[in-house]
Amino acid sequence: MEAYCVKCRAKREIKDAKKVTLKNGKPATQGVCPTCGTKVFRIG
């Protein structure tokens, strides 16, 4: 799965991805950018 990295300003493959649930019940994926190590987040 890909997410937008704000630091790299590009779409990157999510490393160490894990499923999380937001407060409103929607599913999301959270992980780390493989290039710079910044947290990336994708809803859905």
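I'd like the full set of residues that are of a type in the set (D, E, K, R) and out of contact with any strand residue (DSSP E or B) (no Cβ under 7 Å at 6 or more places or on another chain), limited to the range 4-44. Selection gives K7, R9, K23. Only one of these conditions is not met by A3: (1) surrounded by 15 or more Cβ atoms within 10 Å (Cβ to Cβ); (2) outside any strand (DSSP E or B). Which number is it? With (1) surrounded by 15 or more Cβ atoms within 10 Å (Cβ to Cβ); (2) outside any strand (DSSP E or B) applied to A3, the lone miss is (2).
What do you reckon, is T29 surrounded by 14 or more Cβ atoms within 10 Å (Cβ to Cβ), β-branched (V, I, T) and at pLDDT 95 or above?
Against the criterion (surrounded by 14 or more Cβ atoms within 10 Å (Cβ to Cβ), β-branched (V, I, T) and at pLDDT 95 or above), T29 qualifies.
The values are calculated or read from the model by the stated rules, or taken from the named source; none is laboratory data. Since this is a predicted model, take the numbers as computed values, not measurements. Heads up, the Cβs are rebuilt from the backbone with ideal geometry, glycines too, and the neighbour counts pull from every protein chain shown.
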